[in-house]
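Peer 1: Let me give you the structure first, and then I'll get to my questions.
Where a number appears in this text, it was derived from the coordinates with a stated rule and is not lab data. Every value quoted in this text rests on a predicted model; they were computed, and no experiment measured them. Methodologically, a virtual Cβ is constructed for each residue, glycine included, from the backbone with ideal geometry; neighbour enumeration extends over all protein chains shown.
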Amino acid sequence: MVGINLKNKIAIIILCFAAITTCIVLRVCSEENSKASLKFSMLACGKDTAGVNPYSQPTHGILKESWLNDNKLVVECFVKTFCSGAKADGSYEIINDSIVLKYKITATGPVAQCNCVHRVIYEFSNLPKKNYSFIIEPEK
């Protein structure tokens, strides 16, 4: 009775393995649920574009960013598109302390031979508050 028999040792090892596996799964699930979510929107052509000229460079840029609380961030940018029939989708990538704001412009119908400035808004929820730098670029 002094030592633990082989059957009990195997049972203890299996229980430890199951406990460690459960902890790993719970941690991964918790990290996935805590990922920042993005709400992307694009305003109508020329609406609230801070005087950006549609015919000069650059073709995109950041207008302002503001924290609404400790985990909600709004970044307002501009992108230039062709007139009429433009639709935009947004995505992002976090690399260290930088947030890369990505956009993709698609034509939803006939386009006109002119340029237009749109304000695009990236609204993040569940994002830890810190001093991020921002880059905006077309999606590749």
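Peer 1: Where does the charge balance sit around Ser91 when Lys and Arg score +1, Asp and Glu -1, over other residues with C-beta under 9 Å from its C-beta?
Peer 2: Residues near Ser91 contribute -1 overall.
Peer 1: Right, another one. So for the stretch 36-138, if I pair up every lysine 8 or more residues apart or on another chain, how many of those pairs have alpha-carbons under 18 Å apart?
Peer 2: Pairs that pass both the separation and distance tests number 20.
Peer 1: Between the stretch 53-75 and the stretch 103-140, what's the alpha-carbon centroid distance in Å?
Peer 2: 9
Peer 1: Something else now. Could you tally the net charge around Ile105, taking each other residue with its Cβ under 15 Å from the Cβ of Ile105, Lys/Arg +1 and Asp/Glu -1?
Peer 2: Local net charge: +3.
Peer 1: Quick one: what Rg and Dmax do you get for the stretch 36-138 from the alpha carbons, in Å?
Peer 2: 13.9, 43
Peer 1: Related question: Pairs of Cα atoms under 8 Å, at least six residues apart: use those to get the relative contact order of the stretch 26-130, whole percent.
Peer 2: That works out to 40 percent.
Peer 1: Would you work out which of Ile94, Pro128, Ser41 lies farthest towards the positive end of the dipole of the stretch 36-138, given +1 charges on the beta-carbon of Lys and Arg and -1 on that of Asp and Glu, about the Cα centre?
Peer 2: Positive-end residue among those listed: Ser41.
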